[in-house]
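Q: Handing you a structure now.
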Amino acid sequence: MQNFPGKVLKFLNTKRGAAIALVCIYVLGVLFTVFVVDANVHGPMHFNDEVRYWDIARAFYEGSFSFAADADYPPFYSISLLPAFYLFSPFARYAAARWLNALYLTSAIFPAFLLLRKFLDRRTSLLAVFVLLCGPIQVVIARTLISENVFYPIFMWLVLLAFTHLFPVNHKAHILENVLFGVLLALLYATRFIGLVLIPAFLLVWWLKPFAEEKLPLLFSWKKFAHLLMVLAPMLLILAVWQIAGVREGVSLKTMLGFSVADHPDPAQLGKRRLLMWAIFYFSYTILIAAPYLGLMLASFTRFKLKDWQSDENRWWISLALIVFFFLLACVRHSWRAAYNYPDPVKIQGRYIMYFGPLFLITAFSFFGKTFKTRKSLLFALVLIVLSAGITIFAYAVLREGFIYLDYPLASSVNSPYGSLVLSMKIGYPILALVITLACVLMLGKKRTLQIGLFALLLLGFNIYGSVLVHQRQLTPRQLLNTQIYNLMETFDNCAVEDPATAKVTLEIPADTTARIIRSWHQALNFNGYTNNELIPSEEIAADESMLFRAYYGDCIIDVMHLDEKDFDALEGIKFSQSGYFYQIQLKKID
């Protein structure tokens, strides 16, 4: 029994043990996402994207989809939601779609594990993917029906397939690997338009992979060229079918390619100064994403040798640089040209580059790989600490303290995982990130296992603490309006209707209800299957300050009313609370 932990650790370093553990982490990740992270999700909160993706999925299901109406949204994410429509009733589809989100999003740990295995043993790779799964992406993105849920795992698979060979070049299965790479390149683009910019980045990373009989300086060989054709053929075929279908419906090729996004800037906003400003903003945001990993990333970078660029460790740095560069190129251009960012910058598209987080985590963990050596130099540690602290403080000051260009904090786009962490943790974000850097750098002279354990433990603490704050301070309050409708729907089982699929839900609402609230209530009903609904402004409801709204469903009249906390605690009837607001529900039968 005393040797049991040792036997488990040894088993985890075997192929079978690692495979079983990875599947278990995946299953637990999906279950935790659905039953904990998504527990209080009752409707859309990312307008207008969630509504558009949902409506496009319904249009596919009903056979009414048209590129002419929805060409500005690539179709693949909506297509990925179709199992929820085909396999579940209208009242269960939204819950099924969130299950699909969890399944898709969590699957990113599989390519992440295989990438980590290029540098680390199986046990350490399992630990790293567990840390990855506890990061903000899993907490923020899975709660919303947005394309990042599919884009993220596709992106990670593409990083893997571009960077390494899953099968030997001469193996027959390598043909399937090439085809899969090409298909995923097309699907990446068909999920988000920014995927177009990443295609050349991934092809360049792929071209740098070692092949036989290559000739410098272009690393060309006819065999490699043949493999490239195997990649391009399925990619171009899928893209041609998609693009031609839209053009045949009268949509311009420019729109189908996604070039109409941020296409109407004010000429005054296109100056070089503003371009440099947005480059600095995105550089700063990238630094903040990297902040918890900076110490080990910089330590790892000191081992980079351009002369030995074909080794996995050095080629990873080149691959990372290419992917980050092309991503930032697209994002800087977008924000520079976006009409909402003029005359004053409004927000940075942090959600677009959330994928840097997993890549930076892999880079930091790669420090403990095959070329690991302990470093005891005090000067080396001091340089890492000062450099990490300097650029982290600079980045935070630029984005949150108005250090240059602005005199106010620059917001990040809604549901940006790392932007949400910074917003919730405030100054605690750079401080705790620097604590991680300080601890890891000062441990560089210690045993490898001790360094790995400390780094993983600190990252887990950082991610869990930050994610809890994000969940409490941002994600839960955003569900307030949806929660009001959810608790209303919970009473519908007490009402008699001829056909729930066609029964009408009518809400009498205060006459001064804002358009944002009306939209949220309306879509919460739609997403949960009650598409036959009407919201009617009422002066009578507005006159009663205690009334939230009155609902009519079947033979029921249902009043949802405000309460104060004292009355809420004393009430024994139907009641609910959310984010400091308290409500009671009164249900009456129509005579």
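The values are calculated or read from the model by the stated rules, or taken from the named source; none is laboratory data. Note that the structure is a prediction, hence the values are computed from the model and not measured. Ideal geometry is used to build each Cβ from the backbone, glycine not excepted, and the neighbour counts take in all protein chains shown. To get the accessible areas, we keep the full protein, side chains included, count just its heavy atoms, and leave off ligands, DNA and RNA. Shrake-Rupley method; radii C 1.70, N 1.55, O 1.52, S 1.80 Å.
Q: Consider I436 carefully, then state whether it is open to solvent by 10 Å² or more (accessible area, probe 1.4 Å) and farther than 30 Å from P90 by Cα.
A: Against the criterion (open to solvent by 10 Å² or more (accessible area, probe 1.4 Å) and farther than 30 Å from P90 by Cα), I436 does not qualify.
Q: Kindly list the number of the only condition in (1) assigned to a loop (DSSP other than H, G, I, E, B); (2) among the hydroxyl-bearing types (S, T, Y); (3) crowded, with 17+ Cβ neighbours inside 10 Å that fails for T371.
A: (3)
Q: Basic (K, R), in a helix (DSSP H, G or I) and touching a helix residue (DSSP H, G or I) at 6+ places or on another chain (Cβ under 9 Å): is that true of R16 in this structure?
A: When the stated conditions are applied, R16 does not pass them.
Q: Related question: Say whether the condition of being surrounded by 15 or more Cβ atoms within 10 Å (Cβ to Cβ), touching a Leu at 6+ places or on another chain (Cβ under 9 Å) and either farther than 21 Å from L105 by Cα or free of Cβ contacts under 8 Å to residues at least 12 places away in the same chain (or both) is met by at least one residue in the range 61-84.
A: yes
Q: Here's something else I'd like to know. Kindly provide the set of residues from the range 148-189 that are part of a loop (DSSP other than H, G, I, E, B) and either buried (at least 24 other Cβ atoms within 10 Å of the Cβ) or of a type in the set (A, V, I, L, M) (or both), ordered by number.
A: L166, V169 - these are the residues of the range 148-189 that are part of a loop (DSSP other than H, G, I, E, B) and either buried (at least 24 other Cβ atoms within 10 Å of the Cβ) or of a type in the set (A, V, I, L, M) (or both).
Q: Would you say L480 is under 25 Å from A338 (Cα atoms), open to solvent by less than 60 Å² (accessible area, probe 1.4 Å) and under 24 Å from the mean Cα position of the chain (by Cα)?
A: No; evaluated as a whole, the condition is false for this residue.
Q: Give the range 103-145 a look and list any residue that's closer than 30 Å to I56 by Cα and of a type in the set (D, E, K, R), or say none.
A: Scanning the range 103-145 gives a single hit, R143.
Q: Would you mention how many residues in the range 388-418 are open to solvent by 10 Å² or more (accessible area, probe 1.4 Å) and out of contact with any Pro (no Cβ under 8 Å at 6 or more places or on another chain)?
A: 13
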